[in-house]
1. Considering all alpha-carbon pairs of segment 93-167, what whole percent are spaced by more than 18 angstrom?
2. Treating only the Cβ of Lys, Arg, Asp and Glu as charged (+1, +1, -1, -1), what charge dipole size does segment 55-166 show about its Cα centre? Round to the nearest 20 debye.
3. Extent of segment 56-116 along each principal axis, from alpha carbon coordinates, in Å, largest to smallest?
4. Answer with one residue from Ile97, Val166, Asn65: the one whose Cα lies farthest towards the positive end of the charge dipole of the chain, charges on Cβ with Lys, Arg +1 and Asp, Glu -1.
5. What relative contact order, as a whole-number percentage, does segment 54-203 give when Cα pairs under 8 Å and 6 or more residues apart are counted?
6. Comparing Leu103, Leu136, Leu122, which has the greatest mean-square fluctuation in the GNM of the chain with Cα pairs linked when under 10 Å apart?
7. Any chance you could run the full-extension gain for Ile200 through Glu153? It's 0.36 nm times the residue separation minus the Cα-Cα distance, nm to one decimal.
8. Within the chain, which is the longest segment that contains none of the GluC sites (Glu not before Pro) sitting in a DSSP loop with at most 10 other Cβ atoms within 10 Å?
Amino acid sequence: MVQLSKHRVLIINDDGIHATGILLLEKIVRQFTEDVWVVAPDEEKSGASHSISMNVPVRVREIDNRHFAIKGTPTDCALLAIYEIMNMRPTILLSGINRGANLGEDITYSGTAAAAMEGALLGVPSVALSQVFTPLGQVPWETAEKYTPLILERLLAAEWQPNTFVNVNFPNTAPDAVSGIRVVSQGQRPPGSFIPEGRIDGRGVPYYWIKLAYKDGGFEPGSGLEAIRDNAVSVSPIQLDMTANAFRERLARSFT
């Protein structure tokens, strides 16, 4: 992949620096360039969203001169990598490969997506990558391994739009069963994807786990949810300006 060989690549995730997905992503990228930096949380930070550590110190542990474990969030990792750790700015930021989907509203909670969002805010072309799997099932990492180089090649050949990042999901199927690659909207599931589940501890005190409770649906034509249902790779461009423009225009009329 000629395009990637010219890039300085920053890799981040939210599953932690020793997670299978980030190790696989580094392996894939190193086939094309040695200019790779890995800056990732020292422990799992799934669900961290775009949070930053403002009230506690953020500590950096250097594993070697290209691998750094951060006591902080994925967004902290992006900030530290770009401003402090790397000797020159990255020319592309790759976040992942996440263990699990980042479809629909998932990206509002996702540390994987947030790292890519922070990269975009700082002017770095950024891609979030996620491998979908079924809970209690095997993660088909071989699908992400096969399709990541092709996805990156096509993205790098495209004209990149400022203030956007790209969200990629690989379907829960074997590589040979992938039905294609679709550029799609992010989409949205029916409400109620996360619910609190109450329990009682040994002292009779209630506590809660936040539980995944995805509802079937949200398969609008042209959405990422539909693409993944159809065993296609979903590629969704995400803009940082979240203004609801149609509603803004209607709302403006209420104030005139």
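Computed from the coordinates by the stated procedures, all read-outs in this text should not be read as laboratory data. Keep in mind it's a predicted model, so treat the numbers as computed, not measured. All Cβ positions, glycine included, derive from the backbone under ideal geometry; neighbour counts span all protein chains shown.
1. Value for segment 93-167: 41 percent of Cα pairs lie more than 18 Å apart.
2. 200 debye
3. 35, 29, 18
4. The residue sitting most towards the positive pole is Val166.
5. Values: 190 pairs, mean separation 31.6, N = 150.
Value for segment 54-203: 21 percent.
6. Of Leu103, Leu136, Leu122, the most mobile in the Gaussian network model is Leu136.
7. 11.8 nm
8. Details: sites that count: Glu34, Glu159.
Result, exposed sites excluded: 35-158.
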